[in-house]
1. Counting only the heavy atoms of the protein chains, how much of H51 is accessible to a 1.4 Å probe, in Å² to the nearest 10?
2. With +1 assigned to the C-beta of every Lys and Arg and -1 to the C-beta of every Asp and Glu, and no other charges, what is the dipole magnitude of the chain about the Cα centre in debye, to the nearest 20?
3. So which aspartates and glutamates pass the test for K60, namely a Cα distance under 18 Å, with those fewer than 8 places away in the same chain ruled out?
4. Percent of accessible area on the stretch 6-138 owned by carbon and sulfur, 1.4 Å probe?
5. Just to confirm, what accessible area per residue do you get for the stretch 90-137 at 1.4 Å probe, in whole Å²?
6. What does the accessible area of V31 come to, in Å² to the nearest 10, when a probe of 1.4 Å is used?
7. Where does the chain land at 222 nm, in deg cm²/dmol rounded to the nearest 500, when only DSSP H runs of n ≥ 4 count, each adding -39500 (n - 2.57), divided by all residues?
8. DSSP loop chymotrypsin sites (Phe, Trp or Tyr not before Pro) in the stretch 8-95 with at most 14 other Cβ atoms within 10 Å of their Cβ, which ones?
Amino acid sequence: MSAAAPTTEAPVQPNTPFYRLGGTPVMTAIVERFYDLMEQDPAYAELRAMHAPDLSMMRKSLVGFLTGWAGGPRDWFDANPGKCMMSAHKPFVITPAVAGQWADAMQRAIADAGIADAELSKAMAGVLTDMAKGMARA
Ligand code: HEM
């Protein structure tokens, strides 16, 4: 009998929001929809203007952050040791209006992701809304 090949991939823990929300396909769907809305809906023009012209790095980074944050694989946190989302946003001037744009686009993206667990979907939208609004300064 040969030993199993070592793997660095941790098994997905079923009792995590990440797993219960639908794992990587759902996190990716949320983030793709979020940045599509940001790019296409003029209601988010101010928020869009704060970001770099090419959003492909952001699309990858936000999937990685949300994945680890929700209890999934922690690659983003391993690659960004000690990085705090609140401090990382300190250099940006985030008004309540622009924080509202972020929260609104994220709420729509989560609602469009077809998450089966409605309660958890609502909870995720609520926590991210609070996080976005907490980054605002008047
Ligand atoms: C409150 C409104 C927010 C605004 C205006 C905002 C704006 C920005 C901007 C301008 C960047 C840099 C993007 C670039 O260089 O193109 C950024 C990066 C990022 N934001 Fe936000 N953000 C907000 C809220 C949030 C929230 C609530 C989260 C997490 C749930 C988040 C997650 C991220 C991530 C993961 C990055 C990339 C950081 C990195 O990989 O270095 N943002 N944000």
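1. 50 Å²
2. Dipole about the Cα centre, nearest 20: 340 debye.
3. Filter leaves E32, D36, E39, D75, D78.
4. 59 percent
5. That works out to 54 Å² for each residue.
6. Taking all protein chains as shown, V31 has close to 0 Å².
7. After summing the helix terms and dividing by residue count, I get -18500 deg cm²/dmol.
8. Within the stretch 8-95, the qualifying chymotrypsin sites (Phe, Trp or Tyr not before Pro) (loop, at most 14 other Cβ atoms within 10 Å) are F92.
The values are calculated or read from the model by the stated rules, or taken from the named source; none is laboratory data. Please read all numbers here as calculations on a predicted model, not as lab measurements. Note that we place each Cβ from the backbone using ideal geometry, even for glycine, and neighbour counts take in every protein chain shown. Just so you know, the surface numbers come from the protein's heavy atoms only, side chains and all, with ligands and any DNA or RNA stripped out. Shrake-Rupley method; radii C 1.70, N 1.55, O 1.52, S 1.80 Å.
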